[in-house]
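Worksheet: one structure, shown below.
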Amino acid sequence: MEKKETNLESLDGVEKTNAMRFLSAFNNIDYAIKTHHGFNRTMSFSEVVRKTVAFNFTVRKYEEDLVSFGRLRNAIVHDNGDYVIAEPHIEVVEKIELIERLLTTPPRALDSVARRDVLMVHSSKSMREVIKLIASSSYSNLPVFNDENEIIGVANSAKILDAFGKFLLSGGKEQAYLDSVKIEDMLSKIENSNYYAFANKDITVEQALSLFHHNSKLLAILVTKNGGAKEKPLGIMTNSDVLKLNNILEDY
């Protein structure tokens, strides 16, 4: 007779069934979301998921899966929550365990995505020098610091080109712009600074994605120890890293 396959995982010498693995992951997710976001422990799982969608990329990405898992949890256990009456498929178990990892032990962006070799430029540099530095380095976003070692903005290639074009349209001369205008002068004319943001060293992949998702104009995230402008950058992420951030969540 052919032996029937069973899906069991051993943990500390104890074999866990699919249902045990599912319920463990579900309970960890429920606890993690409610604790992290300060929700009442009595709030229903589906309500917690719906509320968290607004500010958590992972929950938003897996919203419908999580709501379905909530219904499945009620279907596989008896009313008292202890007696298992059904076993979920292994594919379901592996998916909820993926989401559990993303929510309980999320990967840090600084470890997996952020570029560590942050090239910076002093605020006194001329536009000619900055443009040459961008061209030679192939980096489109250079943090700009002043004499107090405070980051006052980001020299972005697209914004530089836009500023250069407006200068020429207003009757300015090319030579004057390149040699007389300093990068700090150009930055001071930008109406807002929402095209870059600061984050502390523990920012997760999910949090980075959320920043890019909530601000369509965001071009760069500067990672410093505590997320302050007066700290040396430990890493930088740009909007071109969004795909990589997404892939990490898929494979984590």
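What follows is calculated from the coordinates using simple rules that are stated; it is not laboratory data. What you are looking at is a predicted structure, and each value in this text was computed from that prediction instead of being measured. Here the Cβ is made from the backbone with ideal geometry for all residues, glycine too, and neighbour counts use every protein chain on show.
Please give me, ordered by residue number, the chymotrypsin sites (Phe, Trp or Tyr not before Pro) of the range 39-112 that lie in loop per DSSP and have at most 13 other Cβ atoms within 10 Å.
Loop-located and lightly packed - Phe55, Tyr83.
With axes computed from alpha carbons, what is the tilt in degrees of helix 90-104 against the longest principal axis of the chain, rounded to the nearest 10 within 0 to 90?
Tilt relative to the chain: about 50 degrees.
Taking 0.36 nm per intervening residue step and subtracting the Cα-Cα distance, what contour gain separates Glu64 from Arg116 on full extension? The partial results should precede the final answer.
Working: separation 52, 0.36 × 52 = 18.72 nm, distance 3.57 nm.
Gain on stretching Glu64 to Arg116: 15.1 nm.
Normalising by the residue count of the range 111-251, find the relative contact order in percent from Cα pairs under 8 Å and 6+ residues apart.
27
Starting from the Cα of Lys230, draw a straight line to each of the aspartates and glutamates and keep only those under 12 Å, dropping any in the same chain fewer than 8 residues away.
Asp147, Glu148, Glu150
Between the helical axis of 63-76 and the dominant principal axis of the chain, each derived from Cα atoms, what acute angle in degrees is found, rounded to the nearest 10?
Tilt relative to the chain: about 10 degrees.
Within the chain, what is the longest stretch that has no GluC sites (Glu not before Pro) placed in a DSSP loop and near at most 10 other beta-carbon atoms within 10 Å?
My reading of the result: 6-147 is the longest stretch.
In the chain, once you exclude exposed trypsin sites (Lys or Arg not before Pro) (DSSP loop, at most 16 other Cβ within 10 angstrom), what's the longest stretch remaining?
Numbers: sites that count: Lys3, Lys4, Arg41, Arg116, Lys173, Lys189, Lys217, Lys225, Lys230.
The longest such stretch corresponds to 42-115.
So how tilted is helix 18-37 from the main axis of the chain? Cα-based, degrees 0 to 90, rounded to 10.
40
What label, among (i) 20.7; (ii) 18.2; (iii) 21.4, belongs to Kirkwood radius over Cα pairs in Å computed from the structure on display?
Looking at Kirkwood radius over Cα pairs in Å for this model, the match is (iii).
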